[in-house]
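All remarks here apply to the structure that follows.
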Amino acid sequence: MITVDRGPVGHGRMLRKEDRRFVRGRGRYLDDITLPGMLHLAVLRSPVAHARILSVDTLAAEAHPKVRAVVTGAMLAERGLAWMPTLSGDVQAVLATDKVRFQGQEVAFVVAEDRYAARDALELIDVEYDVLEPVVDVRRALDPDAPLIRDDVAGKADNHCFDWETGDAAQTAAVFDRAEVVVRQELVFPRVHPAPLETCGAVADYDRVEEKLTLWATTQAPHAHRTLYSMFAGIPEHRIRVISPDIGGGFGNKVPIYPGYVCAIVGSMVTGRPVKWTEDRTENLIASGFARDYVMQGEIAATRDGRILALRSHVLADHGAFNGTAAPRKFPGGFFGVFTGSYDIEAAYCSMTAVHTNKAPGGVAYACSFRIAEAVYLTERMVDLLADELGLDPVELRLRNFIRSDQFPYTSRTGWVYDSGDYAATMQEALRIAGYDELRAEQAAQRAAGDGQSLMGIGVSFFTEAVGAGPRKDMDMLGLGMADGCELRVHPTGSAVLRISVQTQGQGHETTFAQLVAEELGIHPENVDVVHGDTDNTPYGLGTYGSRSTPVSGAAAVIAARRVRDKARLIAAGMLEVAPEDLEWTKGRFDVRGVPGSGVTIEQIAMRAHGAGDLPEGVEGGLDAQVSYNPDNLTYPYGAYICVVDIDPGTAVVKVRRFVAVDDCGTRINEMIVEGQIHGGLTDGVGMALMEFIGYDEDGNCLGGSLMDYLIPTAKEVPDWETGMTVTPSPHHPIGAKGVGESATVGSPPAVVNAVIDALAPYGVRHADMPLTPSRVWEAMQGRATPP
Ligand code: MCN
Ligand code: CUN
């Protein structure tokens with residue numbers, strides 16, 4: 001007999017509801033959308049990194065029989081649409097008018113009857129460029145003689161983007177002055193790319209009669225996009241409907257508004273027909289939101305006996321040609337300010353200088369937790385370097401300096417209030433699973449034997465993230481507060497629909513949000529439909545990124561369900577003719593206190609809420625609730641990671657033998673989905689540590705423009721993940737859940753790098769920058785650093 005596991009009624013391991021359509025090929029991604037009369041749009045992109053546009057000749061393209069429109073920057077400029085605001089309050093060219101500022105920048109677009117004709121017609125557009133010297137090296141961007149990139153900004157004389165600092169400079173300097181031990185290291189977190197399986201795209205359908213725009217777009221934040229389109233293009237907001245269909249991975253790549261979306265809208269307005277734009281892989285890699293690209297000067301101060309006193313860093317941040325970073329307005333450096341990590345230290349200070357270069361814009365992407373990936377890498381490398389300097393085991397050094405469980409809530413030296421944690425317990429669990437002492441013994445034996453066959457390395461990292469942006473008093477996007485909404489309706493027969501403002505890209509919200517409601521109401525998750533990604537049919541909210549869905553919208557869903565339950569209690573009291581206080585809730589029903597089975601089920605209550613007959617005094621019909629949740633604080637998930645690598649000294653190839661990840665994200669809604677998130681993130685981390693890299697040559701040509709050049713890990717490059725968990729609930733989240741979607745991506749790169757450096761200790765190697773490709777590792781073994 002075949003039994004179907006319908007999963008638990010509430011939290012727990014449950015197969016993903018959305019996978020029924022995904023595994024049968026019935027997902028509906030952007031490129032699956034086809035509308036009657038739909039045209040296709042292709043974007044002409046700059047072949048060079050920096051050039052003045054002398055002329056754009058579109059006559060031949062316009063003459064192509066299948067072409068319906070050709071649009072240039074100059075045409076957009078006439079309508080005031082050539083430049084659009086970025087999520088950081090900068091501007092970005094929709095189509096270049098004056099200059100191109102990075103290779104792959106949008107210069108013109110063609111709308112044609114089919115995709116091939118549109119592409120063909122691009123070749124008929126003749127652009128004359130006056131090529132300028134590009135700024136490629138971030139360290140030279142502020143040189144007095146560096147070419148000026150942003151001459152579009154009145155009065156701008158250099159490539160400076162912004163300065164930002166956090167912590168106490170003077171106090172930190174004082175601690176460094178008296179410290180017994182100071183270790184310094186420059187660390188580069190190279191430019192990488194989220195490279196989602198599905199590239200970005202849009203289908204725009206502007207109805208000239210209704211004057212209404214419907215935009216299907218690969219966006220992680222449909223409501224925020226709607227508001228920005230309205231503000232930028234002047235279309236009344238109620239006449240814009242943004243729909244996110246199924247999304248094949250976002251990883252932050254689908255947070256920004258890209259010129260392509262705007263071009264599709266303009267294309268539809270100009271032609272009066274629906275217009276589809278889909279990027280190809282190269283367009284996605286070279287022109288859409290990148291990640292990282294930080295050059296960090298790390299400094300750590302400590303006592304001889306291993307007490308960490310202070311951390312200090314200066315960051316040189318490459319933001320590319322336009323500051324297109326998506327970060328709350330008060331946080332231009334993202335949440336890098338949590339770089340004090342998991343340690344109770346006396347002082348900390350960070351200064352950041354961001355610059356423009358002739359590279360694609362972006363910055364906050366690739367499961368970074370708003371730049372905490374960079375911060376964790378800095379801290380966890382510096383702690384390892386300190387351990388090496390002190391001759392201490394890296395685990396021992398961490399254990400001596402962790403914030404203790406009795407110190408929570410803990411205010412860090414840079415002002416972040418960590419909600420809860422028991423770091424030592426999580427570290428111990430990772431050590432237990434890994435068999436840390438045995439691993440060290442094996443390594444010692446290998447080194448003693450000195451057979452030179454293999455170099456074993458053990459790397460540890462411990463991270464704390466701040467996720468769930470955020471309290472609206474501190475956090476907004478272009479003035480929009482970072483609250484999130486949710487609306488729950490229980491139907492007469494007791495099934496329900498939950499409408500949420502966040503937008504899954506593969507995280508499984510259709511399952512976990514149904515489970516949240518199920519847990520609170522006792523309605524089976526199969527009977528809770530989750531609707532998202534349609535601004536006409538979901539409440540307002542700022543979308544999914546920064547692992548904020550569970551901390552913010554998840555909380556909203558729980559509160560909505562609890563409001564429904566409170567109302568159900570009143571209705572049940574009327575049905576049973578008892579006082580509401582005399583009722584007792586067990587999942588799915590109210591019974592008279594002390595008399596199990598005496599009461600009514602949530603289904604019966606739902607029918608009564610909608611049915612004939614009187615409801616108790618003051619109770620309206622229906623069983624609905626709506627919530628906009630403004631979190632009190634962020635949530636602070638954390639984890640202990642241990643990586644074991646073996647390096648072939650002949651080829652310098654790094655093999656990840658084992659990886660142990662113990663995560664604490666508070667209460668887990670669906671352990672299986674959480675593990676899936678962690679598996680994916682660990683794979684990301686191995687990718688960044690060992691192979692992923694968006695490089696540029698000296699002319700500014702992107703060297704990572706295909707998956708032949710931009711290497712991403714496959715099942716072959718990663719081990720069977722060994723996951724464990726501890727559960728330390730968040731005190732302010734209604735079910736104690738913390739976000740987890742980015743944890744493993746954030747926490748794993750330093751574990752892998754620490755393992756590689758540990759393996760290379762016999763060669764006297766103290767540090768080497770990612771990606772630790774065979775050539776880099778080889779150079780490090782020869783005592784040389786490879787330039788990026
Ligand atoms: N979850 C849970 N229990 C918890 C925490 C989370 O069961 N204590 C579940 C959630 O219900 C949700 C999933 O785990 O189904 C991730 O939840 P959360 O941590 O709230 O993160 P978000 O849903 O906000 O997802 C965003 C996060 C980010 S920012 C990036 S980047 C990233 C990531 O998720 N992009 C992803 N994971 C991804 N996974 C896939 N498949 N595709 C992406 O593009
Ligand atoms: Cu930084 S990538 Mo996720 O926040 O969408």
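The values are calculated or read from the model by the stated rules, or taken from the named source; none is laboratory data. Please read all numbers here as calculations on a predicted model, not as lab measurements. Heads up, the Cβs are rebuilt from the backbone with ideal geometry, glycines too, and the neighbour counts pull from every protein chain shown.
Some observations on this one:
- Residues satisfying the stated conditions in the range 73-114, i.e. of a type in the set (S, T, N, Q) and farther than 19 Å from HIS225 by Cβ: THR97, GLN103, GLN105
Yes/no matrix, rows are residues, columns are (1) over 30 Å from ASP697 (Cβ atoms); (2) within 15 Å of ligand 2 (Cβ to nearest atom):
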site: ALA173; (1), (2): yes, no
site: PHE176; (1), (2): yes, no
site: HIS193; (1), (2): no, yes
site: PRO196; (1), (2): no, yes
site: LEU215; (1), (2): yes, no
site: MET231; (1), (2): yes, no
site: ILE235; (1), (2): yes, no
site: GLY248; (1), (2): yes, yes
site: GLY260; (1), (2): no, no
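- Among the residues of the range 259-289, just one is within 16 Å of ligand 1 (Cβ to nearest atom) and under 24 Å from TYR540 (Cβ atoms), namely GLY289.
- Across the range 487-503, the qualifying residues are those that are under 30 Å from ASN253 (Cα atoms) and surrounded by 24 or more Cβ atoms within 10 Å (Cβ to Cβ), and the one among them that is farthest from ligand 2 (Cβ to nearest atom) is LEU488.
- Subset of the range 606-662 [acidic (Asp, Glu) and closer than 24 Å to ALA737 by Cβ]: ASP624, ASP632
- Every residue from the range 511-562 that is aromatic (Phe, Trp, Tyr) and within 16 Å of ligand 2 (Cβ to nearest atom): TYR545
- Residue among ALA689, ALA715 that is assigned by TED's automatic domain parsing to the domain that holds PRO771, at pLDDT below 95 and closer than 27 Å to LEU439 by Cβ: ALA715
- If you filter the range 406-431 down to residues that are touching a residue at least 60 places away in the same chain (Cβ under 8 Å) and part of a helix (DSSP H, G or I), you find that the one that is surrounded by the fewest Cβ atoms within 10 Å (Cβ to Cβ) is GLN407.
- Filter result (among the small types (Gly, Ala, Ser) and closer than 28 Å to GLY685 by Cα) within the range 460-486: SER461, ALA466, GLY468, ALA469, GLY470
Residue-by-condition table, conditions (1) touching a Lys or Arg at 6+ places or on another chain (Cβ under 9 Å); (2) within 30 Å of ALA287 (Cα to Cα):
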site: GLY613; (1), (2): no, no
site: GLY621; (1), (2): no, no
site: PRO649; (1), (2): no, no
site: ALA652; (1), (2): yes, no
site: ILE669; (1), (2): no, no
site: GLN677; (1), (2): no, yes
site: LEU682; (1), (2): no, yes
site: GLY700; (1), (2): yes, yes
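- Leading residue by the ranking (nearest to the chain's Cα centre (by Cα)) among those in the range 200-245 that are more than 21 Å from LEU41 (Cβ to Cβ) and within 16 Å of ligand 1 (Cβ to nearest atom): GLN220
- Residue identified as over 21 Å from the mean Cα position of the chain (by Cα) and small (Gly, Ala, Ser) among GLY747, GLY704, GLY741, GLY736: GLY736
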